[in-house]
Every structure is written in C-alpha cells, then in structure tokens.
Amino acid sequence: MSKVHNWQIGREMNYPYPQVFPRRQFAFVFNINRCIACQSCTMACKSTWTFSKGQEHMWWANVETKPYGGYPQFWDAKILDLMEKANPGNQQWSGKPSDDKQKPYGQFDGKTIFEAQNLLTPDSARVLGYLPTDEEWNLPNIFEDNPVGKRGVRNEIDKEGTTLPEHKTWFFYLARICNHCSYPACLAACPRKAIYKRPEDGIVLIDQSECRGYRKCVEACPYKKSMYRGNTRVSEKCVACYPRVEGKDPESGGQPMETRCMAACIGQIRMQGLVKMNNDGSWAEDRYNPLYYMVHVAKVALPLYPQFGTEPNGYYIPPRWVPRDYLKQMFGPGVDNAIERYSYPDRELLAVLQLFRRSNKIIFRYEIKEGPKIYEATLRGRKITMYNDTVIAYGQNGKEIFRTQVEEPVHVRPNKHANSI
Ligand code: SF4
Ligand code: SF4
C-alpha cells in the first residue's frame, strides 16, 4: 500500500499504487434539483455503447430513484453496511467545511474501502467490496417514484402537508455514470492490470484484450459502474465517450465535446468538462472554469460518497427538499453550505447556472457582462435581487461558443403560426 493524499476526505490514505495524476481530469456537475428522470441520458448511452447482445442488463448511465432505488439494487446501502462492519461506530467526519483546499469538507476519520483491511477476504485482498447477484442488476430504476414519509415508511403521504426547506415526504433522482475516479477502485483491484487511467484526461478504461473477466473490478467499484458481459467474458464500463472528449466527433469542428448522456439531458442538469490538475492531485486554480467555480469557489457541487475514498470526479448540487442527515451521508459535510448557496444564489452563481446545456461543446472559461436589475423580492425572509447579466462561454481554442442571459428571452409567435405547434 502507498500513502496518497485525498483532498475530498482531507487526509492521506492507503492506496495500492503510488499517486499519479493526469494533466487534465474529466469531471462533471449534475444539478439534482432539476432532474426529471426522463431517462434521455440513460437511453442516449445505451443506444451509443450498450445495444449489443450480452449487454441487455448493462446501463453505463442510469438514473435511480432515491432512497429505495439503486442499480444494482441497494449498491450504496450494501457497501455502507460493509464499511460500518469494518469500523463500527467510527465512520465519522471531524472538523468543519472551510476554505482550506486540502480539506474543504473537513476530515473523514473513518476507514475508506482501501483501508478496511479487517473485513478483506483473500479474494478481495486490496479493496473492500462485494459482487452483486444477477437479480440485482435486473432493473435500472426499481422503486421508481416511491416516496418515503416522515417516519421512513414507503409511499406514506403526510397529510399535514410540507414545510420548506425539507418536505415531509420525499424522493429524488440520482443520475449516475462512472466517476472516472482519481483513485479508481476498479483499477486497484484488477490482478491483470487491464484497467488504466489516461494521462491526458483522467478517463478510466478497461483494456478489452487484457481483461480475463475475473470481475475483481465489479466487486471493488463501490459505485458498481464496472460491469461483466457474459457472452464476451470480459468486463466493460463507461468510456466517457472519449472520441467526443478528444474532439473527434464529426460535429465538433475539432473541439472537445461533452458526452452523449450530457448532450441529451432534457432537464439541463448536466455539465461536463476537463479541469486542470496540479502535480499533487488538487485542481489547479482556474477561477473562471465553470466546474472549478462550482466545486471550489461557490462549493455548491459535492462529490458522491467521498468517504469511499476513490476521489470521484462526479459532483452533485444536492436536492433542497431532502432530510439533511440523508444528504450528509451521501455527499459529506458540505451539504448545508451547498444548499444555502443554491437556495440564495448570488449574482455570479445565477449567471453560471445559465451555462448548463446551451451547447454540447466543453466550456473551458466563462465571462460575465453585467446587465440591469430586473427583479427584487423577499424569499423566505431574505431579500433577493436579480440582474439580467450576460454570461459568455469560451471553448478550448479561446473562441466564444455562445452567450446567454439570466432572464429567459420571450419569443412571440408570428400571427400566421399562432395555433401551430
Ligand atoms: S466509478 Fe467505479 S468503475 Fe468508475 S473509475 Fe471509479 S471505481 Fe472505477
Ligand atoms: S436526461 Fe437529464 S433530466 Fe433526464 S433523467 Fe437524465 S439527467 Fe435527469
């Protein structure tokens, strides 16, 4: 085991290999508050990559209904249970979220999946994990739209109504793909060294010619995003649509494009990019990269289960209506701050949120041009002011991709088409 630094858990941790970081890292932000579970992302991925024989139950991108849903079923509850068994009562965070870039969410004092040695069996000698049963992979969105009531009872409707910021009955949609982790558990567990992380963009891939289908990656990935294909007898996983990210899509004009699941998103919840990395694995300061801004400046987007220890590169704006304890288990101690920022967005955040899904090209930098004041109100006892600022997105080549405004434009249909749709 090597000692590596994991900034998401605010400390050094054990990992089977020494730390090596890519020059740039594939990363994304999903705004859970806007997901409508239309599954356009899921189908965009399936129709691109997993439509062949043997891939029938393979969903590299999926959207599941929390708290009961999961693909494979109960994936997160099962790994959290195992971690708790390995370190009973001690899976806790200490300290507080702060501006320290080495520990922005405080410190996780419990054991990660690489450190829970007391539960490791000879078969899983590197990473704490488990192999889901075939049945658990059957349904990509089991318990769809099942709410939980205030006493934790499924489908119970609370007749007293709701109070903000937390509803008394709740569920939410969790959209998921491979996190292209900085410390991938799939890669750590592979006895064939068939899994690698690309130095140019941090995308994690399985070399199909090296894989022998031992399924160690399936067992080890805590997010269960590496999957076994029975008819080829090798494992497969999300490839981050790497030809698009490389700018090789015919539509791209040579510029990096976002993945298919991002591009298809009807709810406009998804933004994907490439962030610059320092040699120590932290994100290089890049103030006007929208992902850097949301993760490190506004701190409105948080990693999914940072306590697993893989340093996932998927970040989520947490849903406002869900009990905080549940969210803190899922996204760590930064939840209160993130929801506060999202519920009362300042001028810059409101402008940056307009960048989602106006283009399929990857945004490398944004600029805001101030506009007039358009709205003033009191929201839950607080004064809010809106400005019609213009936000401009620039691509890798420094050229403008698009510009958009905070206030949505009104389009008036000409009379001659008044009744057409
Ligand atoms: S999410 Fe799982 S499959 Fe993807 S890089 Fe991380 S450990 Fe590997
Ligand atoms: S396409 Fe977007 S809105 Fe629809 S389910 Fe996927 S993430 Fe949610």
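Since every read-out is calculated from the coordinates, none of them should be taken as a lab result. Because the structure is a prediction, the values reported are computed rather than measured. With ideal geometry, Cβ positions are generated from the backbone for all residues, glycine too; neighbour counts draw on all protein chains shown.
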- Ranked by GNM mean-square fluctuation in the chain (Cα springs under 10 Å), the top entry among E135, E160, E236 is E160
- Note on the structure: With Cα coordinates, the longest principal axis of the chain makes an angle with the long axis of helix 40-49, in degrees rounded to 10, of 50
- Query: On full extension of the chain, what length is gained from S359 through K150, given 0.36 nm per residue of separation minus the C-alpha to C-alpha distance?
  - Reply: 71.2 nm
- Query: Using the alpha carbon gyration tensor of the range 1-57, what are the three equivalent-ellipsoid semi-axes (square root of 5 times each eigenvalue), largest first, in whole Å?
  - Reply: 34, 19, 11
- Take the range 317-360, drop everything but the C-alpha atoms, weight them equally and run the Debye formula without solvent; then report log10 I(q)/I(0) at 0.14, 0.30 Å⁻¹ to two decimals. -0.40, -1.00
- Message: For N90, project a label point 7 Å along Cα to C-beta. Then give me every residue of the range 101-116 with its amide nitrogen under 18 Å of that point.
- Response: 107-116
- Task: Would you kindly derive the ³J(HN,Hα) couplings of the range 70-84 from the backbone phi angles with the Karplus curve 6.51 cos²θ - 1.76 cosθ + 1.60 (θ = phi - 60°), listing them in order in whole Hz, with x for Gly and Pro?
- Result: x, 10, x, 4, 6, 3, 7, 4, 5, 6, 5, 4, 4, 5, 5
- Order by protection proxy (mean Cβ within 10 Å, highest first), peptides 368-381, 297-310: 297-310, 368-381
- Item | Segment S343-L379, length gained on full extension (0.36 nm per residue, minus Cα span) | 12.0 nm
- Task: Would you give the gap between the C-alpha center of the range 17-58 and the C-alpha center of the range 314-372, rounded to a whole Å?
- Result: 20
- Net charge of neighbours whose Cβ lies under 9 Å from the Cβ of Q268, counting Lys and Arg as +1 and Asp and Glu as -1: +4
- Item | Translational diffusion coefficient (Stokes-Einstein; Kirkwood radius from C-alpha pairs) of the range 50-135 at 10 °C, 1.306 mPa s, in µm²/s | 101
- Near P243, within a Cβ-to-Cβ distance under 14 Å, what is the net charge of the other residues, with Lys and Arg +1 and Asp and Glu -1? -2
- Setting aside same-chain residues fewer than 8 positions from K159, which lysines have a Cα under 22 Å from its Cα? K66, K150, K168
- Under the classification rounded if a/c is under 1.5, otherwise prolate if a/b is larger than b/c and oblate if not, where does the range 100-194 fall, given a ≥ b ≥ c as square roots of the Cα gyration tensor eigenvalues? prolate
- Could you give the size of the charge dipole of the chain about its Cα centre, using +1 on the Cβ of each K and R and -1 on the Cβ of each D and E, expressed in debye and rounded to the nearest 20? 420
- Message: If the reach is capped at under 30 angstrom between alpha carbons, list the lysines near K369, excluding any in the same chain fewer than eight residues apart.
- Response: K101, K276, K299, K361, K383, K399
- Query: Which net charge results for the neighbourhood of N146, defined as the other residues with beta-carbon distances under 14 angstrom from its beta-carbon, given Lys and Arg at +1 and Asp and Glu at -1?
  - Reply: -2
- Query: Can you give the calculated 222 nm mean residue ellipticity of the chain, where each DSSP H run of n ≥ 4 adds -39,500 (n - 2.57) and the sum is split over every residue, rounded to the nearest 500 deg cm²/dmol?
  - Reply: -4000 deg cm²/dmol
- Task: Take the alpha carbon gyration tensor of the range 178-337, find the square roots of its eigenvalues, order them as a ≥ b ≥ c, and report rounded if a/c is under 1.5; if not, report prolate when a/b exceeds b/c, else oblate.
- Result: oblate
- Item | GNM top mover of I36, I363, I206 - the chain, alpha-carbon springs below 10 Å | I36
- Query: Out of L379, N419, F402, whose Cα points farthest toward the positive end of the dipole of the range 299-421 (charges: +1 Lys, Arg; -1 Asp, Glu; placed on Cβ)?
  - Reply: N419
- Applied in sequence order to the range 103-114, the curve 6.51 cos²θ - 1.76 cosθ + 1.60 (Karplus, θ = phi - 60°) yields integer Hz couplings, x standing for Gly and Pro, of 8, x, 10, x, 10, 8, 8, x, 9, 7, 5, 8
- Message: If packing is taken as the average count of other Cβ atoms within 10 Å, what order do 87-94, 330-337 fall into, highest mean first?
- Response: 330-337, 87-94
- Three semi-axes of the equivalent ellipsoid, the chain, Cα gyration tensor, whole Å, largest first: 34, 26, 23
- Which residues does a label at D100 reach in the range 283-313, if reach means a backbone N under 11 Å from a point 7 Å past the Cα toward the Cβ? none
- Item | Estimated inter-spin distance, S2 and Q329, nm [label 7 Å along Cα→Cβ] | 3.4
- For the range 211-217, in residue order, the Karplus 3J(HN,Hα) values (coefficients 6.51, -1.76, 1.60; θ = phi - 60°; whole Hz; Gly and Pro = x) are 5, 10, x, 5, 6, 5, 5
- log₁₀ of I(q)/I(0) at q = 0.14, 0.17, 0.18 Å⁻¹ - the range 213-283, Debye sum with one point per alpha carbon: -0.69, -0.90, -0.95
- Below 16 Å Cα-Cα, how many Lys pairs turn up in the range 191-252? Only count pairs eight or more apart in sequence, or on different chains, if you could. 9
- Calculated P(r) tail over 23 Å for the range 130-256, as whole % of Cα pairs: 52
- Item | Listed residues Q39, H5, T65: farthest to the positive end of the dipole of the range 1-79 (Cβ charges) | H5
- Evaluated at 37 °C with a viscosity of 0.692 mPa s, what Stokes-Einstein diffusion coefficient in µm²/s does the range 1-146 have when Rh comes from the Kirkwood expression over alpha-carbon pairs? 181
- Which of I203, I157, P191 sits farthest toward the positive end of the charge dipole of the range 149-233, with +1 on the Cβ of Lys and Arg and -1 on the Cβ of Asp and Glu? P191
- Long-range amide H partners of W170, meaning residues 5 or more apart or on another chain whose placed amide H is closer than 5 Å, are V148
- Query: Rounded if a/c is under 1.5, else prolate if a/b beats b/c, else oblate: with a ≥ b ≥ c from the C-alpha gyration tensor eigenvalues square-rooted, which is the range 260-406?
  - Reply: oblate
